[in-house]
Structure formats: structure tokens, C-alpha cells
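Notes follow once the structure below has been shown.
Where a number appears in this text, it was derived from the coordinates with a stated rule and is not lab data. Predicted model, so just to flag it, every value in this text is computed and none were measured. Glycine gets a Cβ as well: all are built from the backbone with ideal geometry, and neighbour counts include every protein chain shown.
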């Protein structure tokens, strides 16, 4: 029983080697799979567009940061809690200055 290749660019009639074969050759299967993978990749990249900036300074926020303030500004606001976390005030100020320079 012959089948028609599922690759829209091929449509060749072929004799399948297995009952569930969709493509006439491994190359046709690879072309369709790669095309599908690239489409999914580009679609996911569209969703990750990040144009959020910190409300306190012009630092671009990470896509993993759920807050509207960058870590440096948040640390400055929470100066007391930063010391409790074991981070020195000098380190926080240095990080803030670096963020300001990288604007």
C-alpha cells in the first residue's frame, strides 16, 4: 500500500517501511521537524520581549524579576533587611553605583 509523503514540499508517493511512516525519507522528516522546531522557538521568543525598567532608576529589569524595582533599589529601600541577610551596606551601594553607570 503506497502513501503520499506528509512533507508539504515533497508530496511524493512512496512505499512505507513501517505502518506509521508519514514521510518518504529521513530527510523529509528532518525538514518538517526542523521547521516546526524553529516556528516554536521564534514564537516563544516573541513572548519573552522585556521592556520593563525600574521605577526608581533606568535599569532594565530581568524577566525573572516579578517586582517593578531592581534589586539595587530594593536593597537600598530595605537597608535594614539587607544587613540581616548578611550583605554589607557598602556592597549594596557599590552595586547601585554600577547600575547607575550602566544606564
Inset, instruction - Compute the relative contact order of the stretch 3-47 as a whole-number percentage, counting only Cα pairs closer than 8 Å that sit 6 or more residues apart in sequence. - result: 29
Legend entry - Where labels lie 7 Å past Cα in the beta-carbon direction, separation of residue 67 and residue 101 in nm: 2.3
Inset, instruction - Report Rg (one decimal) and Dmax (nearest whole number) for the stretch 3-47, counting Cα atoms only, units Å. - result: 12.9, 42
Inset, instruction - Give me the distance in nm between label points sitting 7 Å out from Cα along the Cα-to-Cβ direction at residue 21 and residue 52, one decimal. - result: 5.1
